[in-house]
1. Within segment B:70-111, how many residues are of a type in the set (Phe, Trp, Tyr) and either more than 26 Å from B:Glu129 (Cα to Cα) or modelled with pLDDT under 85 (or both)?
2. Which condition does A:Thr74 not pass, out of (1) facing chain B (nearest Cβ under 9 Å); (2) at pLDDT 90 or above, if it passes all the others?
3. Counting only residues that are within 18 Å of the chain's Cα centre (by Cα), facing chain A (nearest Cβ under 8 Å) and surrounded by fewer than 23 Cβ atoms within 10 Å (Cβ to Cβ), give me the helices (runs of 4 or more DSSP H) lying completely in segment B:150-237 with at least 1 of them.
4. So A:Ile98 clears everything in (1) in a helix (DSSP H, G or I); (2) more than 14 Å from chain B (Cβ to nearest Cβ); (3) β-branched (Val, Ile, Thr) except one condition, right? Which one?
5. When the residues of segment B:13-40 are filtered to those that are surrounded by fewer than 19 Cβ atoms within 10 Å (Cβ to Cβ) and of a type outside the set (A, V, I, L, M), which remaining residue is farthest from B:Asp83 (Cα to Cα)?
6. Looking for whichever is within 14 Å of chain A (Cβ to nearest Cβ), within 28 Å of B:Val235 (Cβ to Cβ) and in a helix (DSSP H, G or I) here; the options are B:Gly78, B:Gly147, B:Gly143. Which one fits?
7. What is the one condition in (1) among the charged types (D, E, K, R); (2) free of Cβ contacts under 8 Å to residues at least 24 places away in the same chain; (3) under 22 Å from B:Ser19 (Cβ atoms) that B:Arg194 does not satisfy?
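The values are calculated or read from the model by the stated rules, or taken from the named source; none is laboratory data. Small disclaimer: the values here were computed from a predicted structure and weren't measured. All Cβ positions, glycine included, derive from the backbone under ideal geometry; neighbour counts span all protein chains shown.
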Amino acid sequence: MKLIPAIAVCLVTTFTGEPNTQASRHFTFVPLAEAAAAKLGDLTPFRSIAVDVAGLIDKGDLAAAKARIKDLETKWDEAEAGLKPRAAADWHMVDKAIDRALEALRAGTPDAAKCKQAITDLLTIMDSVAKA
Amino acid sequence: MLNKVPEVTAIFWAIKILSTTVGETGADYLAVHVGLGASLTAICLTGLLVAALLTQLRRRAYVPWIYWLTVVLVSIVGTQLTDLLTDKLDISLYISTAAFACALAATFALWFSVERTLSIHSIVTTRRELFYWTAILFTFALGTAAGDLSAEALGLGFQLGVVAFSALIAAVAVSYHFGANPVLTFWLAYILTRPLGASLGDLLSQSREYGGIGLGTIQTSIGFLSIIVGLVAWVTFEGDGARRAGPAQ
């Protein structure tokens, strides 16, 4: 049976791993407390794309704004696993705001005023989260 | 009809964990990078899953590549089911975790009341096979919801996630070794390998800035997919096919 060596490994890792779980459980509360102060950390790379998008909307180039906000979507999505555990509530707030901006720019006939409003809201939320 | 499922070996668990990661990153890749959007991705992949499942159901015996293709697709669709409830319908992870746990329990109750067994080793009728795949779909949905819930409620990042879920799986393996119910421990491990696979994938793919290895989702997915293909090829030509002829239990 191939299971025997697998179980043996599991046994060893459990006996050595059990104190680790205990440790990690205490451990999680430390980053939790820190997260309350540091929150999501540096959102500058995401914010600068949003600023680009806002600039393109101001110029009236909604097609370019739509293309540029995809970079934000991709970058934000790729960082999800790294960012979210730092402050889940904040992450969801920014995520929803990004969704609303994506939706506005990807509408069948995008409305410049709505796009502008959505991206302004997004920047406001990013700033409020960064300050917290 | 011959037995339609593989022997539960170390290779079985390795492919299961890797397919979980590919399930998560693959769906993400289609939705965001390819730009299909979440809804279209979900529709396309559900269609593919139905096609794979029909192929699997129509075979008279276990064919590794069809079985594992179905698992990978169930993994993707199960993950999307949870994401759909959480992101689109704003349903709390506490509720979806509880709901999927109930759905899974109901599946087992119905399975047992009809078949008088929950054996995962003798899936020899189409009805049993449908129970088996329904249970697997719900374990992926539950594993996703419970994993996300523990990440959010405990602030559990992927690094601690790998340690915590490995330890839980090891605990299940030990209790199995000391005589705990084999069917129960199998499904517990099956649920837990979902968040373990996700954490493992995140650990390899996330940038160093966030404490990952920095391979990126594309390299990680291609790497894992290659290992899956290699392992499935191995079991096809070398592995458990010959020993699987009779029901193991």
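1. In the first step, residues of segment B:70-111 are kept if they are of a type in the set (Phe, Trp, Tyr); the result is B:94, B:100, B:108, B:111.
Within this subset, residues satisfying the condition of being either more than 26 Å from B:Glu129 (Cα to Cα) or modelled with pLDDT under 85 (or both) are B:94.
Within segment B:70-111, residues that are of a type in the set (Phe, Trp, Tyr) and either more than 26 Å from B:Glu129 (Cα to Cα) or modelled with pLDDT under 85 (or both) number 1.
2. It is condition (2) that A:Thr74 fails.
3. Details: elements: B:158-177, B:182-205, B:216-237.
Filter on segment B:150-237 gives B:158-177.
4. (2)
5. For segment B:13-40, the residue satisfying everything is B:Trp13.
6. Numbers: B:Gly78 fails: within 14 Å of chain A (Cβ to nearest Cβ); B:Gly143 fails: within 14 Å of chain A (Cβ to nearest Cβ).
Exactly one residue qualifies, and that residue is B:Gly147.
7. (2)
Residue-wise test of (1) under 20 Å from the mean Cα position of the chain (by Cα); (2) within 24 Å of B:Pro195 (Cβ to Cβ).
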site: B:Ala98; (1), (2): yes, yes
site: B:Cys102; (1), (2): yes, yes
site: B:Ala105; (1), (2): yes, yes
site: B:Ala109; (1), (2): no, no
site: B:Val114; (1), (2): no, no
site: B:Ile123; (1), (2): yes, no
site: B:Ala135; (1), (2): yes, yes
site: B:Leu142; (1), (2): yes, yes
